[in-house]
Amino acid sequence: MTKTSVDDFAALIRRAGLPVQPADVRQIYEAWALVEPMLDRIRSTGWDHVAEPAHVFRADIHMAHTGKTETF
C-alpha cells in the first residue's frame, strides 16, 4: 500500500510529460508500491547515506543476456 493514490500517481505521470497510456498507469503504479518506501527511507532524517537501498544496473551484463553488442 502506498501513500500516493492511483489518481495522484496518474497526475504525477502526466505532469512529468511521460507518454503513458491510461491502461498502463495501474501496472506502473504497482511497481511504485516498491519504490515509494525506498524513497521515504532515503529522505527520512537520521539516516546516513549508506542506508540507501542497494540497486545496481550494469549495462554490460544486461547486453550479454540479450545478445546485443551495443556499446554505452
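What follows is calculated from the coordinates using simple rules that are stated; it is not laboratory data. For clarity, every value in this text was computed on a predicted model and none was experimentally measured. Positions of Cβ are generated from backbone atoms using ideal geometry, with glycine treated the same way; all protein chains shown enter the neighbour counts.
With a cut-off of 11 Å between beta carbons, the residues surrounding Thr2 carry a summed charge of -3, where Lys and Arg count +1 and Asp and Glu -1. Put a dot 7 Å past the Cα of Asp24, heading toward its Cβ, do the same for Arg41, and the two dots end up 2.8 nm apart.
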